[in-house]
Structure formats: C-alpha cells, structure tokens
C-alpha cells in the first residue's frame, strides 16, 4: 500500500482528536451560523451567509482530509523499534561537524513534520539521510546551501 501515511501514536491521536472536534463541535457552530444568516432574509446578497457557507466548505474539506489520513495511517509502534539505527519514531542527536552545533530531531512521517519543533520528516533531505544510520556514523548531506557533515551522537526513544 503505497498510500500509507506514517504516523506515531501521538500524531494519530492528534488527528483523531481534531476530527472529533470538527465533527462534534465545529460542524454545529457553522450550521448555527448558516441558520442565523438565513434568518436575515434574502441570501442572494447576504455576506454572512456566503461567509458561513465558505467556512462550511473548508470545514468539510478538512474533515474529509483527516478521515483519509486516519484510513491510510500506519502507526509506528515505538515500543517495537530498536534504537540501534535511526528510524521513524526515534530521536536522534547529531552534531554539525562544520560548526560543532548539536541538534536533536525526532524522525516522523511527513504529515507530522514540524521543523520548528525538531520533528523532521523521513522524506526530508536530513531525515532521509539519517535513516538506517548507527550511532557514531558520519553522514554527508547535500542540502540547498551545499554539503553538510553530521555525526550521529545518540539514538533514543
């Protein structure tokens, strides 16, 4: 199944919670706004109605997207992952050899990626290059700015 979406348990739970909120809370709120806008009369020139209908369309699109993600999700069982090699669901501490700076990343599926939070995608240049590597290995990565050299300092859960 090539359409799989790799998610940690935490990432999957976040998607499920958002879906539940949108379906049980936000849908009702938007529905009430539409009813209220209709009560104002002629909907052909009713900006409140148009705005509420646009919000409803965006909401339904997001719900559909989340349902698709839940259907295609492959949850990474972090308890079954060995930390002898970099893998999705594990944290990796690396040192940029050129500057001696140290970084800590969590390798996640692309859906959960948030570089500002240290969550990098397995499909990103750095994430992909680190996958399968062992502690102590040096990795050369071609990035937009040029070539960077990392050393893997630690791999853990």
Inset, instruction - Determine which single condition residue 69 fails, assuming it passes every other condition in (1) more than 22 Å from residue 4 (Cα to Cα); (2) crowded, with 17+ Cβ neighbours inside 10 Å; (3) assigned by TED's automatic domain parsing to the domain that holds residue 16. - result: (1)
Legend entry - Residues satisfying the stated conditions in the stretch 98-118, i.e. farther than 18 Å from residue 77 by Cα and in a loop (DSSP other than H, G, I, E, B): 98, 99, 100, 118
Legend entry - Unique match (being surrounded by 12 or more Cβ atoms within 10 Å (Cβ to Cβ), modelled with pLDDT of 95 or more and not in a loop (DSSP other than H, G, I, E, B)) among 64, 149: 149
Inset, instruction - Looking for whichever is touching a helix residue (DSSP H, G or I) at 6+ places or on another chain (Cβ under 9 Å) and crowded, with 17+ Cβ neighbours inside 10 Å here; the options are 94, 23. Which one fits? - result: 94
Inset, instruction - Consider residue 62 carefully, then state whether it is within 16 Å of the chain's Cα centre (by Cα), without any contact (Cβ under 8 Å) to a residue 12 or more places away in the chain and either in the same structural domain as residue 22 (by TED's automatic domain parsing) or under 30 Å from residue 134 (Cβ atoms) (or both). - result: no
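Answer yes or no as to whether residue 89 is on the phi > 0 side of the Ramachandran plot, modelled with pLDDT under 95 and surrounded by fewer than 16 Cβ atoms within 10 Å (Cβ to Cβ).
Numbers: on the phi > 0 side of the Ramachandran plot: yes; modelled with pLDDT under 95: yes; surrounded by fewer than 16 Cβ atoms within 10 Å (Cβ to Cβ): no.
Against the criterion (on the phi > 0 side of the Ramachandran plot, modelled with pLDDT under 95 and surrounded by fewer than 16 Cβ atoms within 10 Å (Cβ to Cβ)), residue 89 does not qualify.
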Inset, instruction - Determine which single condition residue 89 fails, assuming it passes every other condition in (1) farther than 30 Å from residue 153 by Cβ; (2) touching a strand residue (DSSP E or B) at 6+ places or on another chain (Cβ under 7 Å). - result: (1)
Legend entry - the stretch 24-39 residues that are in the same structural domain as residue 59 (by TED's automatic domain parsing), paired with ones that are at pLDDT 95 or above (beta carbon under 7 Å, 6 or more apart): 26/59; 27/59; 30/55; 30/56; 30/59; 34/56
Inset, instruction - Report, by residue number, each residue of the stretch 119-145 that is touching a helix residue (DSSP H, G or I) at 6+ places or on another chain (Cβ under 7 Å), surrounded by fewer than 18 Cβ atoms within 10 Å (Cβ to Cβ) and assigned to a loop (DSSP other than H, G, I, E, B). - result: 123
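The values are calculated or read from the model by the stated rules, or taken from the named source; none is laboratory data. If you're wondering where the values come from, they're calculated on a predicted model, not measured in any experiment. Using ideal geometry, Cβ is built from the backbone for each residue, glycine included, and neighbour counts are taken over all protein chains shown.
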